[in-house]
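For reference, the structure is listed below as structure tokens.
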Amino acid sequence: MNENILLPTDFSNNAWRAASYILQLYAKDSCTFYFMHAAKLKVSSAAIRSNKLSTIMAENNKLELNELVEKAKKTYPNSKHEFKIVLSPEDLQDAILQAIQTFKINLVVMGTKGASKAKGIFFGSNTVASILKIKDCPILIVPEESVFKNPAQIAFPTDFNRFYGEELEPITTWSSHFNARIRVVHINEKENLTPIQETNLEQLKKVMESHLHSFHWMRDYDNVAQGVKDFIDIHDINILAMVNYKHSFLENLINEPIIKKLGFKTTIPFLIVPCITEK
């Protein structure tokens, strides 16, 4: 496995925790990690023309990025890991999109504050904006409270209302690479599936044939979020994987009023896979 992994950072503890998680996850793999800081200047035109402020800020940011690289090398020494720094004058989302194309990024890793520290909102505003804008690269969201564990169990919630094809490749690749079981979970009665859902279920079974997997039904749940939360606890799930498409469970997660109402909280990372048909 040879990966190019983007680590956007605002130099916070949350960003470092995300970097720490992925450095441990890919400890056995050859990877190039790109520590990136994006800072779009919001200063007067006079200051921009003088270029003095932007130069000072760039020098300080470059220094902090290099310090992050040294911290990573010291904390997780690994001859298979290479580090590079990226400074961008764009806003975060545009900087990420540019980096994905320029450096052929395979995975974007971001940290986020937990719900209890964000007034009931699971994803921060930068994270939400990135999820909505990035359509051509998987994103791993690492909550502030995450503690690294090898991903032996991956939960994949689905309502079977759509057919999944190539977009599942990041999930199945992780399953094979980390020897992790994909636990496909449907929050409803199996007997209540529509004909379309039945067809999609059978197709999904074929996709999963060559991977360690199992199918599960969480019965008697009116609240999908609660069903997923309980499933995570029951099966000691290490990664929650979701495909980013319209009207999905993920869409509910990034809707602030719904999160406040449901109180969805978890400390495990989210692997968010873009939907190929909605790019």
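Can we say Val109 is within 17 Å of the chain's Cα centre (by Cα) and either modelled with pLDDT of 95 or more or not hydrophobic (A, V, I, L, M, F, W, C) (or both)? Spelling it out, Val109 is indeed within 17 Å of the chain's Cα centre (by Cα) and either modelled with pLDDT of 95 or more or not hydrophobic (A, V, I, L, M, F, W, C) (or both). Of all residues in segment 236-266, those being modelled with pLDDT of 85 or more and open to solvent by 50 Å² or more (accessible area, probe 1.4 Å) number 1.
Filtering segment 267-278 down to residues that are outside any loop (DSSP other than H, G, I, E, B), surrounded by 15 or more Cβ atoms within 10 Å (Cβ to Cβ) and not aliphatic (A, V, I, L, M), which residue is modelled with the highest pLDDT? So the residue we want is Phe270. Contact map, segment 1-14: first residue modelled with pLDDT under 95, second residue open to solvent by 60 Å² or more (accessible area, probe 1.4 Å) and among the charged types (D, E, K, R), Cβ cut-off under 7 Å, separation 6 or more or different chains; pairs are Phe11/Glu64; Asn14/Lys113. Total residues in segment 132-142 satisfying the condition of being touching a Lys or Arg at 6+ places or on another chain (Cβ under 8 Å) and either open to solvent by less than 20 Å² (accessible area, probe 1.4 Å) or free of Cβ contacts under 8 Å to residues at least 12 places away in the same chain (or both): the figure is 1. The set of residues in segment 24-54 being under 32 Å from the mean Cα position of the chain (by Cα), modelled with pLDDT under 90 and not hydrophobic (A, V, I, L, M, F, W, C) consists of Lys40, Lys42, Ser54.
The values are calculated or read from the model by the stated rules, or taken from the named source; none is laboratory data. Model, not experiment: these values are computed from the prediction. Quick reminder, even Gly has a Cβ in these numbers, built from the backbone with ideal geometry, and neighbours come from all protein chains shown. Remember, those area values only see protein heavy atoms, side chains included, never the ligands or the DNA or RNA. Shrake-Rupley method; radii C 1.70, N 1.55, O 1.52, S 1.80 Å.
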